[in-house]
Number of protein chains: 4
Amino acid sequence: MEVGFLGLGIMGKAMATNLLRHGYRVTVWNRTTAKCQDLVALGATVGETPAAIVARCRYTIAMLSDPSAALSVVFDKDGVLEQIGDGKGYIDMSTVDAATSSKISEAVKLKGGAFVEAPVSGSKKPAEDGQLVILAAGDKKLYDEMVPAFDVLGKKSFFLGEIGNGAKMKLVVNMIMGSMMNSLSEGLCLADKSGLSPQTLLDVLDLGAIANPMFKLKGPAMLQGSYSPAFPLKHQQKDMRLALALGDENAVSMPVSAAANEAFKKARSLGLGDLDFSAVYEVVKGAGGSGQA
Amino acid sequence: MEVGFLGLGIMGKAMATNLLRHGYRVTVWNRTTAKCQDLVALGATVGETPAAIVARCRYTIAMLSDPSAALSVVFDKDGVLEQIGDGKGYIDMSTVDAATSSKISEAVKLKGGAFVEAPVSGSKKPAEDGQLVILAAGDKKLYDEMVPAFDVLGKKSFFLGEIGNGAKMKLVVNMIMGSMMNSLSEGLCLADKSGLSPQTLLDVLDLGAIANPMFKLKGPAMLQGSYSPAFPLKHQQKDMRLALALGDENAVSMPVSAAANEAFKKARSLGLGDLDFSAVYEVVKGAGGSGQA
Amino acid sequence: MEVGFLGLGIMGKAMATNLLRHGYRVTVWNRTTAKCQDLVALGATVGETPAAIVARCRYTIAMLSDPSAALSVVFDKDGVLEQIGDGKGYIDMSTVDAATSSKISEAVKLKGGAFVEAPVSGSKKPAEDGQLVILAAGDKKLYDEMVPAFDVLGKKSFFLGEIGNGAKMKLVVNMIMGSMMNSLSEGLCLADKSGLSPQTLLDVLDLGAIANPMFKLKGPAMLQGSYSPAFPLKHQQKDMRLALALGDENAVSMPVSAAANEAFKKARSLGLGDLDFSAVYEVVKGAGGSGQA
Amino acid sequence: MEVGFLGLGIMGKAMATNLLRHGYRVTVWNRTTAKCQDLVALGATVGETPAAIVARCRYTIAMLSDPSAALSVVFDKDGVLEQIGDGKGYIDMSTVDAATSSKISEAVKLKGGAFVEAPVSGSKKPAEDGQLVILAAGDKKLYDEMVPAFDVLGKKSFFLGEIGNGAKMKLVVNMIMGSMMNSLSEGLCLADKSGLSPQTLLDVLDLGAIANPMFKLKGPAMLQGSYSPAFPLKHQQKDMRLALALGDENAVSMPVSAAANEAFKKARSLGLGDLDFSAVYEVVKGAGGSGQA
C-alpha cells in the first residue's frame, strides 16, 4: 500500500517510520526538506509539494503542528486542494479545533475527495511504539480503508461519526483528566497538612482501585515542585474552557469540572500557565509561582 | 508463630484462613461460635472468649464489623482488656473512626499492652487472595513484629505513625475517589449530550493515562443505571464530609472535593443514599431516583 | 434643545415622553409609525426615516430591542450612516453586546460623527419615572453634551471610558446578581429543611445588613413557586457565561460565580430557561419543572 | 415592669439603659461590679449575684460574651438555677450555640422556670438605638410576656419555635452573607482586571436592585485593603461550616455556599482569619496577607 505523509515533526517522523517498517511505500513532504533524509534512508520517496504528494498517492496522511499549519498545507499554493479529487482520500491526524476540521472537510469534499479527521491520544513514545489511540471521524468508507494503517500507528482506533467528534472526544477526556489532577492535588495537600506523608499517599493510591498512570507519573514530580511541561497548564485550561462551553451549549451542568477550571485559571493568574498542568498543585497548596519548569 | 484472631465475618474468615495456610497457629473466636468450624477443619483452635484468646496468645488480631463491635470485644466482660498486658500486642484491623481507635489504644496501653490500628483497603476478593493494602499506625515495635503476618494478609503494609493516621489515610483516598467518580459522571454525561457514545468514552479512557480499575469496573454498570451497592453512596458522602472537616481543621481549601460532596448530598436528598456511590451519575444526568440497586 | 429619537417600544416611548415633558423638542421615528401618535399628542414631530432624523437633529438617541435592530437602523438603506457626520452625535441606549457596539462606533466615527453607547439598568417603571441608571462609554465630549438629557432620563449616569465598557459593567453587575440569587435560594432551602420558616427568613433578611430590593421583591414569589419572567433565566445564564468568559480572558478565578452558573445551567437543562431567573430555586430544592411562569 | 439584667458589656449596657429610659425598673448584675455605676446613675438597682437577681425579679434577661459565660451564670454557685422556679422567666440574649442553649433550657425547665433564647442581629449602634433584630425561641408564653421589653430593645422580634431555632436562623443569615461577600469580591476583581473602575461598580451597585448596606459599608474599605474586624473572618467561616453541616444533616446541597466556604478557608490558610470577613477579597485577588486590620 502506498501513502503520502505530510509533516515530519516529532510525531510525524515516528509515525511515517512505523509505516515504512511495516512495508508501506511512503512518499513524504515536510516544510523543511532536510527532515526527510532519515526517512529516505529507510526507503521513503520525497515529494516536492503537498499537491505533488496527493497527485501521486491515493491516500495522504497529515500530522501538523497546529491549526494554521493544517490549513496552510491544504489551502495554500501547491496545497492539497489542487490535486485532491474523486477516488483520493485525505486523513488529517493533527490536533485541531472542530471549526478548522470542518473547513478542511468541506473543501476536500467539494473537490470530490474523501476526508477523515483522526487526532490521536498519546505523545512521542506511543507514536514510536505504534501505541497511539486514534479518534477518527468523517468519511466511514475512507476510515475503513485506513484501518490497516491505523493498526500500524496505534493500539486502537475509534470511528466516532461526524466531523468534529474527534476533537470533542479529546475535550471530554482532557476535562476528566483536569478534574482528576485537581483531586490528586487536593488529596496530596490534605495528607501533608494532616500529618500524613504525601509520598505514602501516592504509594497507597497506586495499589488501589483508582491507580492510574497519570498519578504514578506526575505525583512524585509534583511533590518535588517539578513541572516540566509535558502538557502546558494553559492548554489544559483552554481545553476545560472549551469542554465547559460544549456543556453550556448542551445544557450539561458540571460543577466539579467548573471548580477545577477555576483552579487552573487561578494558576494562570499566578503565572504558571507555561508549566505542566500538574502545577495546579501550587494553587491548592496556596503558594504560587514557586514551581520550576 | 501463634496468633489469636477475633471476628470471623467475610473478611476475618478469609484472613484467618490465609494465616493457617501459611503455617501460623491460629486460635479463633467469634460471637457466633458456629462460624469457627470451617477454620477448625483447617487446623485452628477455638478460644472461649476474647480474654481467653489474649491470655493464650502473644499477638491478637481483630477484624470486626463496626466501631461498636470493636469497642465491645475490648471493654465488655471477658474482653481483651482483662488479659492484655506487658509483652502482649493487640492489632485491630477493623475500619473504625479515629476516636474509637484512640479509646482502644489508650486502654490497652494503660494495661501495659501494645496496640496497632491497621484498617485495610480492599474487600472480600483481595482478603481471600492475600492482596489487601494495610494502613497501620500506633506502636512501631509491634508493627515490625507483625510484618510477616501482614505480608501474608496483604500485598503491602504501610506504617503511618501515630494512632488515627490509618483512618485519616482512608479518608484522603476516599475523597480523591469521590471526586474522580464525579469527574467520570460529568464526562459521561457531556459525551452523551454532545452526540458521542459514552461507552466509547469508557473505551478511550481505558487506553490512556487516566485508565484505572474503578472507571473500568463501574463505568459500564453506570451506563445501564445499575448501582448495586459495593460502597453505599451515603458512606462515600460521609467520608467526604469527614475529609472536608479534616481539611477545615487544617485550613486546607479544597473546592473540587467540596463541589463533589455537594453532588453526593444532592444524591442523598433524592433518596439514592443506599445505592452504590456511582449513583451520583443520576444527579449529573439530572434524573434522580431512577437507578436500580 | 432638539433631539431625535429612534425606537418607541416600552422603554423608548417612556424615555421620549420624559424628554418632551422636560421641554425638549423631540423628533421621533419608529418602524411601526402608529406608535408615534401618542408622542405627537405630547408635541413630538415625526421623521420619515432614521436618516431623515439624523439630517434634522444634532443629537439622535436610539433605544432598540436587540442587536439586529440596532445594526439595522444604522447600516440599512435610509439609515443613520447616510446622514451622520461632522458635528452630529449618535447615542445608542439599547442593550447590545460589545461587538455590535464597536461595529456601530467605528462606522459612525468613519463618517466623522461622534458616538456614545449608553445601555441602562432598570426597566419600564424606572424609565417612566426618569430613574434609570445609565452606563455610558465612548466619546467623552458627546457624553458631556448629553448629560442634561441623561439627567432627565435617569437618576444617575456614569461615563465608563472606551466603547464596550458599558456592556462589560452590565455583565459584572448581573454576575453578582446571579450569585446572590443562588445564595438566597440555598438559604431559603436550608431554612425550610431545618424547620425554620422561609418567609421568616425573608423578614429577618429584610431588616439586616444584606437587605436589598431583589430579595424583597423576588423572595415571596419564589416561596409560591411563581416565576413570571421579569428577567428570563436563560438570559441570566448567558450573562454569567459571558462574565466568566471575560474572567477567563483576564485570568480571574471566580469559583462562586462558576458554581452559580452551573446551577443556572442545570435549571436550563430542566426546561426552566424561559421562567424568571429566580427559578433557580427549583434546582436548589431538587425539584425541577414544577414552577409556573 | 421590673426586670433583672445580667451582663453589662457593650451590648448589655446599651440594652439595660434603653429599658431604664422606657420606664422599666431594672436590677443589674455584672461580674465586675464597677460597670454597674453608670446604670445606677440612671436609676438601676444593683444585685449581689445572679441568684439574688432572679430571687427578686420575675423576669431576668442575660447578655453575656460567650457560651462559657452563659453557662457560668446559670450553673455556678450563686447562679440562676439556685433561684429560678415556678412563675419565673429567664431570657438569654447572648449568642451561643444550640447545644449550650439546650443545656440551659433543660436545667431551667427542670426547676419549673420558663426559658427563652433570644440572640440578636445587630451590634453596638443598633443596641444603643433600640434597633436590634431579636431571634427568639423556646417558651411561647414567656416570649409573649417579653414582647413589650423586646419592643424597647429592638425594631423587630421573631418567635421561631423550639430552642435552637434562634441559633439556626443566625447561621442561615450569615451563610447568605458570606456567599454575597464572595460574589462582591469576585465582581470587584473582575471589574478591576477588565479595565473598569471597582469604585464605579460600587456606585452602580448602590443604585440598583441588589443595593444593600453591607456592599455600601464594606466595599470602599475593601478597595483600600482595610479590613478592621467588625466580624472576624474565622468566625464567618465557622458559621459557614456550621451552616453547611446543618445542610448535610438535612441533605440540602448548597454548591455556591460550599464554594464560598472554601474561599474563606483559603483566607484562613493565608493567615487572614483575624481580619474582617471581607478580607476574602484578598484571596479572590490572588494576593494574600497584604491587607491591614
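The values are calculated or read from the model by the stated rules, or taken from the named source; none is laboratory data. Note that the structure is a prediction, hence the values are computed from the model and not measured. As a convention, Cβ positions derive from the backbone with ideal geometry for all residues, glycine included, and neighbour counts pool all protein chains shown. Side chains included, ligands, DNA and RNA excluded: accessible areas come from the protein's heavy atoms. Shrake-Rupley method; radii C 1.70, N 1.55, O 1.52, S 1.80 Å.
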query = For chain C, modelled as a GNM with alpha-carbon contacts under 10 angstrom, which of C:Leu71, C:Leu171, C:Leu135 fluctuates the most?
reply = C:Leu71
Virtual spin-label span in nm between C:Asp97 and B:Gln199, 7 Å along Cα→Cβ = 3.9 nm
ask   = What total accessible surface area, summed over both chains, is buried at the interface between chains A and B, computed with a 1.4 Å probe and given in Å² to the nearest 100?
value = 4600 Å²
note = Computed over the range D:224-293, the convex hull of the Cα set has an average projected area, in nm², of 4.4 nm²
remark   = Sorting B:Leu20, B:Phe215, B:Met254 by the position of each Cα along the dipole of chain B (Lys, Arg +1; Asp, Glu -1; all at Cβ), the one nearest the positive end of that ordering is B:Leu20
query = If each of D:Asp76 and C:Lys140 carries a label point 7 Å out from its Cα toward its Cβ, how far apart are those two points in nm?
reply = 6.5 nm
message = For chain A, what does the relative contact order come out to in percent, with C-alpha contacts under 8 Å and a separation of six or more?
response = 12 percent
message = As a test of the formula, what do you get for chain B when each DSSP H run with n ≥ 4 contributes -39,500 (n - 2.57) and the sum is divided by the residue count, at 222 nm and rounded to the nearest 500 deg cm²/dmol?
response = -16000 deg cm²/dmol
task = Take chain C, connect every pair of alpha-carbon atoms lying under 10 Å apart with a spring to form a Gaussian network, then pick out the residue of C:Ala259, C:Ala55, C:Ala44 with the largest mean-square fluctuation.
result = C:Ala259
request  = Report, to the nearest 10°, how far helix B:233-249 tilts away from the longest principal axis of the Cα atoms in chain B, using its own Cα long axis and a range of 0 to 90°.
outcome  = 80 degrees
note = The relative contact order of the range C:167-285, taking Cα pairs under 8 Å that sit 6 or more residues apart, comes to a percentage of 38 percent
ask   = How big is the gap, in Å, between the Cα center of the range C:1-39 and the Cα center of the range B:201-238?
value = 63 Å
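Could you please state how large a percent of the accessible area of the range A:167-285 is carbon and sulfur, counting protein chains only and using a 1.4 Å probe?
Looking at the range A:167-285 in its full context, I get 54 percent from C and S.
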task = Hey, could you grab the Kirkwood Rh for the range A:167-285? Inverse mean 1/r over distinct alpha carbon pairs, Å, one decimal.
result = 14.5 Å
request  = Going by the rotation axis that takes chain D to chain A, pick out the residue of D with the closest C-beta and quote the gap in whole Å.
outcome  = D:Pro255, 3
inquiry  = Can you tell me which lysines have their Cα less than 27 Å from the Cα of B:Lys141? Leave out same-chain residues fewer than eight positions away.
reply    = A:Lys193, B:Lys13, B:Lys88, B:Lys103, B:Lys109, B:Lys111, B:Lys155, B:Lys156, B:Lys168, B:Lys170
query = Tell me, what is the per residue accessible area of the protein assembly as shown in Å², probe radius 1.4 Å?
reply = 37 Å²
request  = Return the long-range amide H neighbours of A:Gly161 (sequence gap of 5 or more, or a different chain), with a cut-off of under 5 Å between placed amide H atoms.
outcome  = A:Gly138
key: In Å, descending, principal axis extents of the Cα set of the protein assembly as shown   = 93, 90, 48
note = Cβ-Cβ cut-off under 13 Å around A:Met1, Lys and Arg +1, Asp and Glu -1: the net charge is -1
Cα-centre dipole for the protein assembly as shown with unit charges at Cβ (Lys and Arg positive, Asp and Glu negative), debye to 20 = 0 debye
note = Between the Cα axis of helix C:98-110 and the main Cα principal axis of chain C, the angle (0 to 90°, nearest 10) is 10 degrees
note = Charge tally for neighbours of C:Leu39 with beta carbon under 13 Å away, counting Lys, Arg as +1 and Asp, Glu as -1, is +3
message = Can you compute 3J(HN,Hα) from phi for each residue in the range C:90-96, using the Karplus curve 6.51 cos²θ - 1.76 cosθ + 1.60 with θ = phi - 60°, rounded to whole Hz and x for Gly and Pro?
response = 10, 10, 9, 9, 5, 8, 10
Separation of the C:Ser123 and C:Lys216 label points, Cα + 7 Å toward Cβ, nm = 1.8 nm
inquiry  = Compute, for the range A:167-285, the length of the dipole vector about the Cα centre, with Cβ point charges of +1 (Lys, Arg) and -1 (Asp, Glu) only. Units Debye, rounded to 20.
reply    = 240 debye
task = Name the residue, out of A:Ala149, A:Ala230, A:Ala251, whose mean-square fluctuation peaks in a Gaussian network model built on chain A with Cα pairs under 10 Å.
result = A:Ala251
inquiry  = Quick one: 3J(HN,Hα) in Hz for the range A:218-229, Karplus 6.51/-1.76/1.60 with θ = phi - 60°, rounded, Gly and Pro as x.
reply    = 7, x, x, 5, 4, 5, 9, x, 10, 10, 4, x
key: Average partner coverage of C:240-250, which counts Cβ from other chains inside 10 Å   = 5
ask   = What is the helix-to-structure angle for B:165-193, meaning the angle in degrees between its Cα long axis and the longest Cα principal axis of chain B, kept from 0 to 90 and rounded to the nearest 10?
value = 20 degrees
remark   = At the level of C-alpha centres, the distance separating the range D:139-194 and the range C:153-198, in angstrom, is 20 Å
message = Please report the antiparallel percentage of DSSP beta bridges with both residues in the protein assembly as shown, rounded to the nearest 5.
response = 15 percent
task = Just the number, please: percent antiparallel of the DSSP beta bridges in chain B, rounded to the nearest 5.
result = 15 percent
ask   = Quick one: if the Förster radius is 60 Å, what FRET efficiency do C:Val147 and A:Arg58 give, using the C-beta to C-beta distance and rounding to 0.05?
value = 0.25
ask   = By what distance, in whole Å, do the Cα atoms of chain B stretch along each of the three principal axes, largest value first?
value = 66, 44, 34
key: Given charges at beta-carbon only (K, R positive; D, E negative), |dipole| of chain A in Debye   = 200 debye
